[in-house]
Amino acid sequence: MHLLGFLSFEGTGEARAWLTVLAAGMCALPSRWLRGVLGSIGPWSAIVVVGVVSFVAVAGLAIKRGIPRPYVHDEFSYLLAGDTFAHGRLTNPQHPMWEHFESMHILARPTYMSKYPPGQGLALALGQAVTGEPIWGVWVATVLASAAMCWMLMAFVPVRWALVGGLMAALHPQMLEWGQRYWGATLAALGGALAIGGWGRMISIRGGRQSSVWSWREAMWMGVGMVVLANTRPYEGAVLAGVLVLGLVWRMVSEKGRIAGAWGMWGAMAGVLAVGAGLMAYYNWRVTGSAFRLPYQEHQSQYGAVPLFIFQARGAQPAYRHKEIETFQVREQVYWYKRHDSWYELRKEAIKNLGRLRAGCLGNVEVLALPLVLLPWMVWKVRRVRWLVGVLAVVTGALLLETYCFPHYATPAAGVVAVIAVMALRRMSRLGWPMGRLMARVTVGVFVAWSAVWWAGFYNWKQEGFAVARHEVLEGLKKQEGKHLVIVRYGEHNVHEEWVYNEAEIDEAKVVWAREMDTEHNRKLLEYFKDRKVWLIEPDVDMRELKEWGK
């Protein structure tokens, strides 16, 4: 039997049994040999090893599955940003036929651009410009995030444990899944890891006691991480950064005799943040016309039917030109907002959201059950663990205030979870020989087995449905002569399967997708694109059938 077929989700139960045996075998490796191998790896070598393993894991999934196809609205929006940046522009001018090109999570006016911060778009642009495939930018961001996790962990645990934790982060099923999506989770994890790693190095342990090292270099790395967060997950990143900065202020005040070097630290951090803020203001100005108005804010004012936070009241409902956008914004989004209507609903939704965040950050939490048993004792004994748990609690509370809550929203704090888990794992290994070390190795072995089962199942999972159908139609038209205009006519439509997304340069694109409107609007559209062959597609009738317009 083919090994990867054996490990597919269809055989998950049997695969888990065999991989448990494999994990047990890993636990039987001689301790002296294992410590020797891990102890011989230096800091930079550990970072490189984690990066290589991460790349093989995320890129290897495409060997059989192929290049991931965008499916979720957010992914198409980020791809628009990546295509725009790859063409050397910060945004695109408003198109004369913009009403036909409106879609979820993009701005059609005052400029044509994604509503999201530019961070993920820049990563996708790198992949598109270098290889022709934006997904390579996602893989690079995933590799950097995994490597940064290893670097971050070195501020809290010895190198060998940072290597173990970095490999666990690189092989975590959630990290692997994020490495196949276009919506930017791993880049936010990278920013969080840089911020937490710099913070951890400045609040260090020397001579068995905790003391602060005010380093401008570490402050710069922390500042870079905060800038990355501001351009990926600005709200959650700001909460994380605020708590970390508060920790530095508290330590500076408490160590009155060691504040001289702190001013250089604050200066370096402020310099990085000032440069980042200036670039962001310029980007905002180019997209929205105001340095202080985010594209997200502009989009919310044009299309938003519900506020972004549960404590905000609903405003006036915007006017929509297309049924699908109205359905998505009103029916779908109001549904999420109304789930917080009463204290009972609020509590129930908070429990559900905590479950989603737990699944996203820890996966099967049972894998880490043994070391996390020690967490209450560590919180009582270790000051930095108290800070980290406090940071995690504050970020989680901030997430629960949002109208929508999904696992990838928590990526800025993924590094906090990694540090807590690895510190708990290391503490467990020091409980006494042989039981403590054996439990630590069993935990790592079971984690590897669980990740392998998930990787193999995802490797064998065939891409299908709307995303593949749209890609096939698009590629089929690109092989034909001339340029094409595809008018999309919806029936009883699933608004989460949106066809109308276009490239940055609409007029130069081989294939243009447009929404069908009334007769007058359609006439103007056909006149504008008179040099193109015009097609009609009805996705709710047949997702792969194209008809010539007017026939």
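The values are calculated or read from the model by the stated rules, or taken from the named source; none is laboratory data. Note that the structure is a prediction, hence the values are computed from the model and not measured. Cβ: placed from backbone, ideal geometry, glycine included. Neighbour counts: every protein chain shown.
Side notes on the structure shown:
- Residue within the range 521-537 that is basic (Lys, Arg), at pLDDT 95 or above and over 21 Å from residue 478 (Cβ atoms) present: yes
- In the range 217-238, of all residues being surrounded by fewer than 22 Cβ atoms within 10 Å (Cβ to Cβ) and of a type in the set (A, V, I, L, M, F, W, C), the one that is nearest to residue 119 (Cα to Cα) corresponds to 230.
- For the range 478-493, the condition of being exposed (fewer than 14 other Cβ atoms within 10 Å of the Cβ), under 35 Å from the mean Cα position of the chain (by Cα), not small (Gly, Ala, Ser) and not in a loop (DSSP other than H, G, I, E, B) holds for at least one residue.
- Tallying residues that are of a type in the set (A, V, I, L, M) and part of a loop (DSSP other than H, G, I, E, B) within the range 500-551 yields 6.
- Residue 416 farther than 29 Å from residue 223 by Cβ, surrounded by 18 or more Cβ atoms within 10 Å (Cβ to Cβ) and either of a type in the set (Val, Ile, Thr) or more than 20 Å from the chain's Cα centre (by Cα) (or both): no
- All of (1) crowded, with 18+ Cβ neighbours inside 10 Å; (2) over 28 Å from the mean Cα position of the chain (by Cα); (3) within 20 Å of residue 100 (Cα to Cα) hold for residue 441 with one exception: (3).
- Selection of the range 464-484 for residues being out of contact with any His (no Cβ under 9 Å at 6 or more places or on another chain) and under 23 Å from residue 72 (Cα atoms) yields 464, 465, 467, 468, 469, 470, 471, 472, 473, 474, 475, 476.
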